[in-house]
Amino acid sequence: MPPLPPAGTRIRNRFNGETFIFTHMDDGAEEVRFDVFLERGGMLTGTGRQHLHPNADEEFIVQRGMLRIMVAGAWRMLGPGERLIVTRGTPHLFRNGHDGETLFTAKFRPGHDFLRLFLNMSMNVADNPSWYDARGEPPLLLQAQALHAFRGHAYGHGIPVWFQKLLFAALSPVALLKGYRLAMPPRSRRQAKPGAAKP
């Protein structure tokens, strides 16, 4: 298993002007946190769709700029110093809220394996841009591979979770045959499974 990169690692998504700043590299933390920098024009439309985390709450804390968040179908705008907790199971997405730079902190409680999930997502975009379309959308096979490996962490909104689980499990071996690989695999299932006790 590859080692975690050092704290402070920055990984930029060239497609949408979003940079993840991994401020804390603690694999076993009760809370996973990192910063997200949105460039001017970054994520104004974005490729993200509403999604949910069934086993963790996510908190957004704006450091500077403006962050626009849709929670359960309603838009909210957050400015510097403001924060919002999206409770587990609630569909949401975010956008840069203005025509300027925005920096915010994202926190997940419990931490589960969100650190490695976001490392995998950002590293694959940076290291394998040819896998993605012009908007930065990953192919379904790559999504299936990652979300099956990190099952229980994130699912799309509007499609039954049980169906997504079956689909991702079926497509994950096909992704391997097509040459897709995880940049950062999850910890062991015993450690990473949402709700599992720590060793």
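The values are calculated or read from the model by the stated rules, or taken from the named source; none is laboratory data. Here the structure is a predicted model, which means the values were calculated and not measured. Cβ coordinates were reconstructed from backbone atoms using ideal geometry, including for glycine residues, and neighbour counts include every protein chain displayed.
For ASN16, are the conditions met, namely being surrounded by 18 or more Cβ atoms within 10 Å (Cβ to Cβ), part of a loop (DSSP other than H, G, I, E, B), out of contact with any strand residue (DSSP E or B) (no Cβ under 8 Å at 6 or more places or on another chain) and of a type outside the set (Asp, Glu)? First the steps, then the outcome.
Details: surrounded by 18 or more Cβ atoms within 10 Å (Cβ to Cβ): yes; part of a loop (DSSP other than H, G, I, E, B): yes; out of contact with any strand residue (DSSP E or B) (no Cβ under 8 Å at 6 or more places or on another chain): yes; of a type outside the set (Asp, Glu): yes.
The answer is yes for ASN16.
What pairs come up if the first residue lies in segment 45-64 and is over 18 Å from ILE159 (Cα atoms) and among the basic types (Lys, Arg), the second is modelled with pLDDT of 95 or more and outside any strand (DSSP E or B), and their beta carbons are under 8 Å apart, counting only those six or more places apart or on different chains?
ARG64/PRO80; ARG64/GLU101
Can you report the number of residues in segment 48-83 which are more than 17 Å from the chain's Cα centre (by Cα), surrounded by fewer than 17 Cβ atoms within 10 Å (Cβ to Cβ) and in a strand (DSSP E or B)?
7
What is the residue count in segment 86-136 for residues that are among the charged types (D, E, K, R) and in contact with a helix residue (DSSP H, G or I) (Cβ under 9 Å, 6 or more places away or on another chain)?
So in segment 86-136, the residues among the charged types (D, E, K, R) come out as 88, 95, 99, 101, 107, 109, 113, 116, 127, 133, 135.
From the residues that got through so far, the ones that are in contact with a helix residue (DSSP H, G or I) (Cβ under 9 Å, 6 or more places away or on another chain) too are 113, 116.
Result for segment 86-136: 2.
I'd like the residue in segment 122-143 that is outside any loop (DSSP other than H, G, I, E, B) and under 25 Å from GLY73 (Cα atoms) and, out of all such residues, is nearest to the chain's Cα centre (by Cα). Give the derivation first.
The initial filter retains those residues of segment 122-143 that are outside any loop (DSSP other than H, G, I, E, B), namely 122-127, 129-131, 140-143.
Subsequent filtering for residues that are under 25 Å from GLY73 (Cα atoms) retains 140, 143.
Working: LEU140: 16, GLN143: 12 Å.
So, considering only residues that are outside any loop (DSSP other than H, G, I, E, B) and under 25 Å from GLY73 (Cα atoms), the one nearest to the chain's Cα centre (by Cα) is GLN143.
If you go through segment 20-33 one residue at a time, how many are under 17 Å from GLU101 (Cβ atoms) and buried (at least 18 other Cβ atoms within 10 Å of the Cβ)? Can you show your working first?
Kept after step one, since they are under 17 Å from GLU101 (Cβ atoms), are these residues of segment 20-33: 20-21.
Of the ones still in play, those that are also buried (at least 18 other Cβ atoms within 10 Å of the Cβ) are 20.
Number satisfying all stated conditions: 1.
Residues are listed down the side, and each one gets a yes or a no for (1) in contact (Cβ under 8 Å) with a residue 40 or more places away in the chain; (2) of a type in the set (S, T, N, Q):
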position	(1), (2)
LEU84	no, no
PRO91	yes, no
ASN96	yes, yes
SER122	yes, yes
TRP131	yes, no
LEU141	no, no
HIS153	yes, no
LEU166	no, no
